[in-house]
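Undergrad: Input: one structure, supplied below.
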Amino acid sequence: MKWRVAVDRAVAPLGLTHAQYSLVASLYGMQRDGLRPSQRRLADHTGLEALYVSKLARALETAGIVDRTRDPADPRAVQLSLTEEGREVTRRAIRVVQGLLEQLLDPLGGLDGERTKSLSRDLALLLDTPLNAQNARNAQNTEKEQS
């Protein structure tokens with residue numbers, strides 16, 4: 001929560017929120033890799049709900065940061081791309097958030113510190129661990145039965 005608030009405050013002067021930053025930064029990276037993702041693909045990439053990505057994309061389109069166009073291969077899909085202004089705003093926002101990240105990681109030795117690298121590996125391992133809600137419910141029920 002503290003991170004989200006810090007990012008919100010840092011990117012507000014650029015006309016963005018944390019959620020919008022997540023969307024445009026991801027879109028920036030995907031475009032740099034030669035992709036023009038659909039809203040659905042960007043939702044999958046960011047972990048945001050597709051309906052929320054659609055809402056964010058419409059607001060960003062109104063602000064002149066994102067273009068939304070129908071996918072010629074699938075008329076139901078909407079493709080997203082950054083406008084020239086959107087690319088510039090996103091580059092500036094990435095620099096601002098990078099500065100926040102450097103501040104956050106300074107106690108661990110900075111971005112290139114061994115403790116930071118170790119933390120990154122541990123977090124990646126945890127985030128890649130599949131969770132099974134059914135197993136969690138079964139464990140909870142077993143615990144209740146034992147009480």
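The values are calculated or read from the model by the stated rules, or taken from the named source; none is laboratory data. In this text the structure is predicted, and so the values were computed from the model without any measurement. As a convention, Cβ positions derive from the backbone with ideal geometry for all residues, glycine included, and neighbour counts pool all protein chains shown. Areas reflect the complete protein model, heavy atoms only, side chains present, ligands, DNA and RNA absent. Shrake-Rupley method; radii C 1.70, N 1.55, O 1.52, S 1.80 Å.
Undergrad: Taking segment 34-47 on its own, how many of its residues are among the hydroxyl-bearing types (Ser, Thr, Tyr) and open to solvent by less than 30 Å² (accessible area, probe 1.4 Å)? First the steps, then the outcome.
TA: Within segment 34-47, the subset among the hydroxyl-bearing types (Ser, Thr, Tyr) is 38, 46.
Still in the running and open to solvent by less than 30 Å² (accessible area, probe 1.4 Å): 38.
Final tally of qualifying residues: 1.
Undergrad: Taking interchain pairs and intrachain pairs at least six residues apart, which have beta carbon atoms under 7 angstrom, with the first residue in segment 108-129 and modelled with pLDDT of 90 or more and the second open to solvent by 90 Å² or more (accessible area, probe 1.4 Å) and not acidic (Asp, Glu)?
TA: Leu108/Arg115; Gly109/Arg115
Undergrad: Open to solvent by 70 Å² or more (accessible area, probe 1.4 Å) and within 23 Å of Asp8 (Cβ to Cβ): which single residue out of Leu111, Leu82, Leu127 fits that description?
TA: Only one candidate passes the filter, namely Leu127.
Undergrad: Still on this model: Given (1) open to solvent by 70 Å² or more (accessible area, probe 1.4 Å); (2) assigned to a helix (DSSP H, G or I), identify the lone condition not met by Leu60.
TA: (1)
Undergrad: Quick one: how many residues across segment 33-53 are over 14 Å from the mean Cα position of the chain (by Cα), of a type in the set (Gly, Ala, Ser) and outside any loop (DSSP other than H, G, I, E, B)?
TA: Summing the residues that are over 14 Å from the mean Cα position of the chain (by Cα), of a type in the set (Gly, Ala, Ser) and outside any loop (DSSP other than H, G, I, E, B) in segment 33-53 gives 1.
Undergrad: Just to be sure before I move on: is Ala50 touching a Lys or Arg at 6+ places or on another chain (Cβ under 6 Å) and surrounded by fewer than 17 Cβ atoms within 10 Å (Cβ to Cβ) in the structure I sent?
TA: Considered against the rule, which asks whether it is touching a Lys or Arg at 6+ places or on another chain (Cβ under 6 Å) and surrounded by fewer than 17 Cβ atoms within 10 Å (Cβ to Cβ), Ala50 comes out as yes.
Undergrad: Now for a different question. Of the conditions (1) farther than 23 Å from Leu127 by Cβ; (2) open to solvent by less than 30 Å² (accessible area, probe 1.4 Å); (3) in a helix (DSSP H, G or I), Arg91 clears all except one; give me its number.
TA: Evaluating Arg91 over (1) farther than 23 Å from Leu127 by Cβ; (2) open to solvent by less than 30 Å² (accessible area, probe 1.4 Å); (3) in a helix (DSSP H, G or I) leaves (2) as the failure.
Undergrad: Out of segment 1-32, which residues are outside any helix (DSSP H, G or I) and either open to solvent by less than 70 Å² (accessible area, probe 1.4 Å) or modelled with pLDDT of 95 or more (or both)?
TA: To start, the set of residues in segment 1-32 that are outside any helix (DSSP H, G or I) comprises 1, 15-17.
Matches in segment 1-32: Gly15, Leu16, Thr17.
Undergrad: Being in contact (Cβ under 8 Å) with a residue 24 or more places away in the chain, of a type outside the set (Gly, Ala, Ser) and touching an Asp or Glu at 6+ places or on another chain (Cβ under 8 Å) is the filter here, so list the residues in segment 69-101 that pass it.
TA: Matches in segment 69-101: Val78, Gln79, Leu80, Leu82.
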